[in-house]
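The values are calculated or read from the model by the stated rules, or taken from the named source; none is laboratory data. In this text, all values refer to a predicted model and were calculated from it rather than measured experimentally. We place every Cβ from the backbone using ideal geometry, glycine too, and count neighbours over all the protein chains shown.
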Amino acid sequence: MSKVLEMRNICKSFYGVKVLKNIPLELESGEVLALLGENGAGKSTLIKILNGDYQMDTGKILIDGQEVDFKEPSDSEKHGIKMIYQELHYAADLSVAENLFIGHLAKGSGPIGKHLIDWKKVNQDAKKALGLLNVDIDPKAMMRDLSVIERQIVEIIKAIYGNAKILVMDEPTAALTPPEVEMLFKIVNDLKAKGVAIIYISHRLEEVFHIAQRVMILRDGNHVATKNIEEVNSDSLVELMVGREIEERIIELSDNKATAPALEVSGLNKFGSFKDINFKLYEGEIVSIFGLLGSGQISLTRSIFGAERADRGSIKVYGHERKIRFAQDGKNAGIGFVPIDRKVRGLVLDMSVLKNLTLSNWNNLLTLGFFKNKKERAHSQKWIDALGIRMAGGIDTAVKFLSGGNQQKVVLARWLEANVKVLILNEPTWGVDVGARSDIYDQLDMLAKQGLAILVVSSDIHEVLAISHRILTIYDGQLTAEFSHKEASQDLLLNAAAGRLA
Amino acid sequence: MIKFLKKTGLQDVIALIVILVGIIVIMSLSSNLFLSPRNITNLLIDSTTVGIIAVFSTMLMIGGGLDLSVASTAALCGVIIGVFQASLGIFPAVLIALAAGAIVGLVNGILVTYVGINPLITTLGMFSIARGLAFVFSNGLTIPVFDLSGEHQAAYDRFTILSEGSFLGLPYPVIAMLLLFALGVTVLHLSSYGRAMYAIGGNELASKMAALPVKRYRVTAYVLSGISAAIAAIFLTSRLYAADPRAAPGVELTVITAVILGGTSLAGGKGNLVGTFLGVMILSALLNGLRLQSTSTDLQNIIQGLVLLAAVGFEQVRTGNVNLDIRKMFSK
Amino acid sequence: MIILTTKSKNKKSKLFSSDSLATISLLISFIVMAIFFTSQSEFFFTSTNFANLARTLAVVGISSIGMTLVLITAGVDLSVGSVAALSGVLASMFWLELNIPLPISSLLALLTGALVGLINGLIITVLKINPLITTLASFSIIRGLAFVISDGQTNMLNNQGFYFIGRGNILGIPFSLLVMIVLYFIFFIILRYTSFGRNLFAIGASPEMSRLAGINVDKHLLISYTVTAFLAAFAGLIIASQLGSSAPRAATGLEFTVITAVVLGGTSLAGGKGTLIGTLIGVIILRVLNNGLVLMEVSSFYQEVARGVVLLLALSFDQIRSGFLHLRRERT
């Protein structure tokens, strides 16, 4: 095997802060190198240097032993370096075929024809490309009309079609279901066999063991280690990433004695999203809804809160039937909601911690429409202390400067300040560092002990098993099973969530 | 106060004050009339139309909105005063004008929030409609607004005093503008309405998910913008003794220039009224000074446009958000 | 084999493609309008009137081509009316004051127009100032320049050759209309079949994606704004030719009519979407509306109101319809 890529002593600073310090990276053709590290470790900066989006301060990049200098992404593309980004970039109002070949649509022939796009050929090529993944997507369909998963597949095909020599995949499976992940792995293996070298970034360690030959770990901009996959196990990997040993979380759930049902959902339906949902959530209980992404759980919880509207069904909070059509209705019914993407839907990033914290409940803080400054500060400080929210610069710091875990706690605190009785959390630890996760789990446990009813949506099976009193599984928009904490196991959950019930 | 200024961006405020002082110095050097009490009074009174509207446009723009229809609305409201004063009396006419301003704002607000049309296009449409209605109601003529019959002298005197009266040497329109700015600062920084504007402009989606009644706040902002145009129209009509469907030409551009000059972001979420006030004063001093040198109004248009570009461009250069790789743009 | 859970959604969406539905609804409203005017005025459905309509189509039609390009890139150009006025003024000033032959004067006016567009584009790409603000400023600056250069005067352009641009016929078809049709054909090909055209859609949908795909985004924007201003300048020459004179007041509100036509034709203000066929239909509908109102002897004041109402109604309808189609697709 030959060394297809070598990065030597890559250094990069932003505004005087070193974010990459002498990073080495070697990649051989036909291998998968997993790149691991917590958020902010420097993974994405390194990748952006490789594809020419950022320029390194010092260091060298060699492709096939030749030094190269990438000024922009199109330069690296010419050398066969292709990227699959975490967030999708596509043109919603253009066809699948055009999205696949944006920037280099096939031209016709002849003196005039060679300047004009040959749409027939574009569509044929697209069909061929889509054949790579064996998917049934119409090349002429608009991206807008595709599901999220279909759009992701188009993105992946866009990257691997053509002369990919080095493929960088940044969390490619985040939105895929297990059979789709398997499919993706098959493709990765195909590409490997063809000699394509792959850099694979993922938070899911089990995937790394499944697919990678070597792992490289970054921490705080430093290269910690590069190892063969046989030399490591998941504990040692986490330790390398976090820099200290993470103690195994000992699950010690307070046994909730069935109290009053805090939330009662019956006969809830939404066409195309979920159907006939019935469950109860009791005071002081943490219930998780586990399912593969796209099974309707997000839409379900959004409908309970009022971020979208169910077609029919009833929602009772502490025995009172509530009509929920808008988020305000959810809040007034005593329901809080922590969304998945807190930077987009959770926080006003430029506003202070204080103002974000009180955003959902001004009632007690106002006289005649004006804020009582002291009271507002006291209220916020109470939650900052209670949840251990850490920030440099105090309560007036813009919330964008906080770490992912602390930002998540701000959203959490907002709903506690709003005095909700039921709290819904969507993927509570996405984008939260491994080290900060157990902290959030502890907080949830504490809140439940104080009587809050908590509904968690998560696709992380370890998380679900670690924090829930009860677990509901969802498949294709329907609840398929219910497990108590004691009954639940990985096998049972996965089967139930895949619609395979014993 | 210092703390408050720090919060609103002390540097920006100082920069604006420096520009204002610079313009005042240059203008007073080139014309000794500039600093005369009479001219200062004129300058301040002239600034009130833009100033009054700018208070509410600032709030609207911080909330992520935009209103290009304010000048047309002001003309329409003026014409409404002119049309209804004869039959109903001057003060009912003023109330109807205020209501009309509110209705125009309400329609804008509903179209933007509930129907979902882009604010630029909505208010550009209303810009045309309101101006057209002003011409329709007035038949394209200037309507005199004073006591033709001689029977309601007292009422009209009270209306005229709105623009002619003064307190401690400050004309009433100027006092009204200053009060509105003071009220605006208080509302923007200390009230739930102001907080909501910053939140909605900063991240509309997150505000929605935090259960803020986003649409209601936004409609309110448009209604207030419409009312501010009506208030400006009342003072303008009082001052001119007449309602002109052509009134306040290009004022929407001056208002936006002043607001952006003052540091409010077009994208929403950022901005303050101290900056807007200084922006209004800078533009007023500039235009007044040019007028004293009998520069044609055409040159004023040019300069106003350049000031707008300079203000935004300077901000871009200062924050380093520029793209100097010009050669690449022309390369193959 | 990946099993996708989309069922037959693709087929369904094709049947109710929002684009074709928009075009159909446009055509229907056009026919309804034509029937209405025919019933109201005996002059409407006459060959004289059609010839008249055909002659007046080119100004808005040609300017709308550029605006379509710019809106597709998610930009906007508010300066087209000002550029058209400046172009007419320059042609006459070069000819009358500098004694440059009229053809060359006209050419210089066109090039100056293009230069304005280039500067707009440079401000947008280099200083990264919002296109709305940039062209709002140049709207003011360029109109001011037209007044300053012409000293506010209307200048006669007595020249048979020049008259041909706006008044001439070839085989009974107005020359300006022929030029417009050729331009629509050329730009239709460009938008549909060239990399440049397709890249504009990509840029409008996502500049980031386009950049990553190796598209020189800034260069495309520069060209779009330059072409837009060039076409606006040409429209200005047609106006001057039709009137036989150039006036700095010419083409007031052209930007508004043009944006209305383009948006009416289904081009999205959010970028990434639009067709020239839609634009052409939008242009024709607006002209017919205007023509019909004139024939019905509706006051020109009402026409301004009608223009705004049509724009807002068209957009409201569009929003409500797409809201209905995407009922199941949540936006928050």
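Out of region B:193-227, which residues are of a type in the set (Asp, Glu) and either under 17 Å from the mean Cα position of the chain (by Cα) or surrounded by 23 or more Cβ atoms within 10 Å (Cβ to Cβ) (or both)?
none
Based on this model, can you work out whether residue B:265 counts as among the hydroxyl-bearing types (Ser, Thr, Tyr), assigned to a helix (DSSP H, G or I) and either in contact with a Ser or Thr (Cβ under 8 Å, 6 or more places away or on another chain) or more than 8 Å from chain C (Cβ to nearest Cβ) (or both)?
Answer is no for this residue.
Mind checking which residues of region C:174-192 are surrounded by 19 or more Cβ atoms within 10 Å (Cβ to Cβ) and of a type outside the set (A, V, I, L, M, F, W, C)?
Listed by number, the residues that qualify are C:174, C:176, C:184.
Scan region A:322-329 and give yes if some residue there is in the same structural domain as residue A:465 (by TED's automatic domain parsing), under 25 Å from the mean Cα position of the chain (by Cα) and of a type outside the set (Ser, Thr, Tyr), otherwise no.
yes
Using the structure shown, decide if residue A:375 is more than 17 Å from residue A:411 (Cα to Cα), charged (D, E, K, R) and surrounded by 13 or more Cβ atoms within 10 Å (Cβ to Cβ).
yes
Please identify the pairs in which a residue from region C:127-151 that is within 7 Å of chain B (Cβ to nearest Cβ) and under 21 Å from residue C:207 (Cβ atoms) has its Cβ atom under 7 Å from the Cβ atom of a residue that is among the small types (Gly, Ala, Ser) and surrounded by fewer than 24 Cβ atoms within 10 Å (Cβ to Cβ), counting only partners at least 6 apart or on another chain.
So the pair list comes out as C:127/B:313; C:129/B:313.
In the list C:62, C:31, which residue meets the criterion of being out of contact with any strand residue (DSSP E or B) (no Cβ under 9 Å at 6 or more places or on another chain) and buried (at least 16 other Cβ atoms within 10 Å of the Cβ)?
On inspection, the qualifying residue turns out to be C:62.
As an exercise: evaluate residue B:50 against (1) surrounded by fewer than 20 Cβ atoms within 10 Å (Cβ to Cβ); (2) under 26 Å from residue B:160 (Cβ atoms) and give the number of the one condition it does not meet.
(1)
Name every residue in region C:255-282 that is in a helix (DSSP H, G or I) and surrounded by 23 or more Cβ atoms within 10 Å (Cβ to Cβ), in order of residue number.
C:255, C:257, C:258, C:259, C:260, C:261, C:262, C:263, C:264, C:276, C:279, C:282
Can you find a residue that is in the same structural domain as residue A:396 (by TED's automatic domain parsing), within 23 Å of the chain's Cα centre (by Cα) and part of a loop (DSSP other than H, G, I, E, B) anywhere in region A:365-377?
Looking through region A:365-377, none of the residues is in the same structural domain as residue A:396 (by TED's automatic domain parsing), within 23 Å of the chain's Cα centre (by Cα) and part of a loop (DSSP other than H, G, I, E, B).
What are the residues in region A:75-98 that are in a helix (DSSP H, G or I), more than 23 Å from residue A:198 (Cα to Cα) and facing chain C (nearest Cβ under 9 Å), if any?
A:98
Of all residues in region B:123-165, how many are surrounded by 15 or more Cβ atoms within 10 Å (Cβ to Cβ) and polar (S, T, N, Q)?
6
Hey, does region C:219-227 have a residue that's buried (at least 21 other Cβ atoms within 10 Å of the Cβ) and within 12 Å of chain A (Cβ to nearest Cβ)?
Yes, that holds for at least one residue.
Looking only at region B:288-327, count every residue that is part of a helix (DSSP H, G or I), more than 7 Å from every other protein chain (Cβ to nearest Cβ) and without any contact (Cβ under 8 Å) to a residue 40 or more places away in the chain and tell me the total.
10
If you scan region B:93-127, which residues turn out to be more than 22 Å from residue B:237 (Cβ to Cβ) and at the interface with chain C (Cβ under 7 Å from one of its Cβ atoms)?
Hits for region B:93-127 are B:111, B:115, B:116, B:117, B:118, B:120, B:121, B:122, B:124, B:125.
Out of the residues in region A:105-121 that are within 11 Å of chain C (Cβ to nearest Cβ) and not in a helix (DSSP H, G or I), which is farthest from residue A:158 (Cα to Cα)?
A:112
Looking at residue A:369 and the list (1) surrounded by 23 or more Cβ atoms within 10 Å (Cβ to Cβ); (2) within 10 Å of chain B (Cβ to nearest Cβ); (3) not acidic (Asp, Glu), which single condition is not satisfied?
The single condition residue A:369 does not satisfy is (1).
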